[in-house]
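Have a look at the structure below before the remarks.
The values are calculated or read from the model by the stated rules, or taken from the named source; none is laboratory data. What you are looking at is a predicted structure, and each value in this text was computed from that prediction instead of being measured. Glycine gets a Cβ as well: all are built from the backbone with ideal geometry, and neighbour counts include every protein chain shown.
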Amino acid sequence: MKKVLIFFILLLILPTITNAQDSLKANLKYINFEINRVPLISGGYFLQDGLALEAGIALAFDGESNSNGLGIKIGLDKYFSQAKLSPLAGGYVRFDINPNAFGATGWKGSRIIFGGQWGLNYMVFSNLALAGTIGGELSLNSPKDDTNSSNLSSFTSGVKIRFFF
């Protein structure tokens, strides 16, 4: 039991004693794994200090609904400091084909999502960061066999794991 307790204490202390990246500079690249309603893999590139362009893709194969889904996302994130813990704000556009494969809807078709987010980016190590975001989305839906619609999600959230290189 003592070994488990020591392990968890070291796990909590380790990020504070390791050197984190001191800034998010231009030309830095990263790979992002986002855990959200739609799991997404993306890549990012810092256009200038504190401003990152991110593009990603999500794939889903759902045998139960006999549907395959594709999501494509592009966005910008602005980091407000160069510290180990940095607040961020950003926006994105995402295009989904068959969002029912992601478990997001009950219909086949397509949709465009315009979203905004706020969050915190924590540099665990010099090449690893964790980010948490909250925000909202406007979804323009185009179901295959139904009328078009739109809806506003007033709250969305996500957790991101980023590997910098």
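List of remarks:
- Residue satisfying condition, being of a type in the set (A, V, I, L, M), under 21 Å from residue 51 (Cα atoms) and in contact with a strand residue (DSSP E or B) (Cβ under 7 Å, 6 or more places away or on another chain), within set 134, 112, 97: 134
- Inside the stretch 97-108, residues that are out of contact with any helix residue (DSSP H, G or I) (no Cβ under 7 Å at 6 or more places or on another chain) and either part of a strand (DSSP E or B) or surrounded by fewer than 15 Cβ atoms within 10 Å (Cβ to Cβ) (or both) make up a count of 2.
- In the set (1) surrounded by fewer than 14 Cβ atoms within 10 Å (Cβ to Cβ); (2) modelled with pLDDT under 90, residue 57 fails one condition alone, (2).
- Picking from residues in the stretch 109-165 that are surrounded by 14 or more Cβ atoms within 10 Å (Cβ to Cβ), of a type in the set (Val, Ile, Thr) and modelled with pLDDT of 90 or more, the one that is farthest from residue 93 (Cα to Cα) is 124.
- Count of the stretch 33-81 residues, restricted to those that are under 19 Å from residue 105 (Cβ atoms) and of a type in the set (Gly, Ala, Ser), is 7.
- Residue, nearest to the chain's Cα centre (by Cα), within the stretch 79-91, restricted to residues that are exposed (fewer than 15 other Cβ atoms within 10 Å of the Cβ) and not hydrophobic (A, V, I, L, M, F, W, C): 91
- Checked against (1) over 28 Å from residue 106 (Cα atoms); (2) modelled with pLDDT of 65 or more; (3) surrounded by 13 or more Cβ atoms within 10 Å (Cβ to Cβ), residue 23 passes all but condition (2).
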